[in-house]
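Below: the structure, in structure tokens.
Throughout, read-outs are computed from the coordinates displayed, never taken from laboratory work. Here the structure is a predicted model, which means the values were calculated and not measured. Don't worry about glycine lacking a Cβ; one is built from the backbone with ideal geometry, like all the others, and counts go over all protein chains shown.
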Amino acid sequence: MEHSSAQARTTQYIFVIDDSGSMRVRTGEGPAADPQRLAIFATRSLLSTFDERDEVTVVRLNGPADHEAVTRMLTLDGPIAEYAGKRTPCAAALRAVQQELNQAHRPHVNQVVLFLTDGECNDGTINPQNWLQGVNSHQEGLFQFYLLRWA
């Protein structure tokens, strides 16, 4: 099966950024994970390397983006950098990301998830094998997942 060269170079990226309070302030488990907002700077830096064929979605761990522009979401006074989220609902976010991946899925288009968190998930667990089996691009060998975790 042939596909266009533009499709072959297109990649769909989803950045899932932990916007919970433990990224900003000290918790009972230790110091703030990201008080300098490195997750924001890292995401912005990566975005600057993409070209017009790449597609980007940014997901706040604690809620919908409310259809805000990616550039607004990633400002230092934006909704993510405030790290005002009450919880770290990783399982719920991963279920939503799976749906987003499958809705955006197109044959022969790579999909990449970058999940930036301190890892203090508090809403249950996800079975990785089951989750991956539910991602259409994974079935085609066109899916990559990167966990970027702050200690």
If you place +1 on the Cβ of every Lys and Arg and -1 on the Cβ of every Asp and Glu, how big does the dipole about the Cα centre of the chain come out, in debye to the nearest 20?
-> 180 debye
Could you state the angle between the C-alpha long axis of helix 90-104 and the longest principal axis of the C-alpha atoms of the chain, as a value from 0 to 90 degrees rounded to the nearest 10?
-> 20 degrees
Shape of the stretch 26-148 from its Cα gyration tensor (a ≥ b ≥ c, root eigenvalues): rounded if a/c is under 1.5, otherwise prolate when a/b > b/c, or oblate?
-> oblate
For the stretch 1-135, what proportion of DSSP beta bridges, expressed in % and rounded to the nearest 5, is antiparallel?
-> 10 percent
Projected label distance in nm at ALA151 and ARG72, using a 7 Å step from Cα toward the beta-carbon = 3.8 nm
What is the spin-label model distance, in nm, from VAL25 to ARG87 if the labels are put 7 Å beyond Cα along the C-beta direction?
-> 1.9 nm
Residues GLN99 and ASP123, FRET efficiency given R0 of 22 Å [Cβ-Cβ distance, rounded to 0.05] | 0.85
The stretch 16-60: GluC sites (Glu not before Pro) in DSSP coil with no more than 12 other Cβ atoms inside 10 Å | GLU29, GLU52
Förster radius 35 Å - calculated FRET efficiency between SER45 and GLU140, Cβ distance, rounded to 0.05 | 0.75
Vicinal HN-Hα couplings computed from phi for the stretch 110-124 (Karplus, 6.51 cos²θ - 1.76 cosθ + 1.60; Hz; Gly/Pro x) | 5, 10, 10, 10, 10, 10, 10, 7, 8, x, 8, 5, 9, 9, x
